[in-house]
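*Asks:* Sharing a structure with you now.
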Amino acid sequence: MTSMPTDEPIRNEDLRLAAAGALDVTLYTRTACHLCEEAKAVMGPLLAEFGARLREVNIDEDAGLGERYGDDVPVIFLGSRKVAKHRVVARQFRRQLQEAAGGS
């Protein structure tokens, strides 16, 4: 009997995202993505400043995520909330981190 592929990996990723802490940053990326590298460069100093944790997820390694995001990378989540797609604006990302950290 042949088993059907499951949506388990993408379901697990959705659960992980839902349980992410306020300063957990998830970057959905893919190999050779120049916009992803630009986003990481913008976010890097701010992540360090706020003590935020970055988790990179290569969507090419998961068919479900590849289908979900396609060429729309990078996609950045702060906690369980999508905060950016394609480009990260430093001033806006700083404000989002401040709010997530409980500041004003």
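The values are calculated or read from the model by the stated rules, or taken from the named source; none is laboratory data. Just so we're clear, the structure is a prediction, and the values are computed from it rather than from any experiment. So basically every Cβ, Gly included, is an ideal-geometry build from the backbone, and we count neighbours across all protein chains shown.
*Asks:* At least 1 residues that are among the polar types (S, T, N, Q), surrounded by 12 or more Cβ atoms within 10 Å (Cβ to Cβ) and touching a residue at least 40 places away in the same chain (Cβ under 8 Å) in each: list the strands (runs of 3 or more DSSP E) lying fully within the chain that qualify.
*Replies:* 24-29
*Asks:* Still on this structure, please answer the following. Residues to consider are Val83, Val42, Val89; find the one that is under 13 Å from the mean Cα position of the chain (by Cα) and modelled with pLDDT of 95 or more.
*Replies:* One residue alone meets the criteria, Val83.
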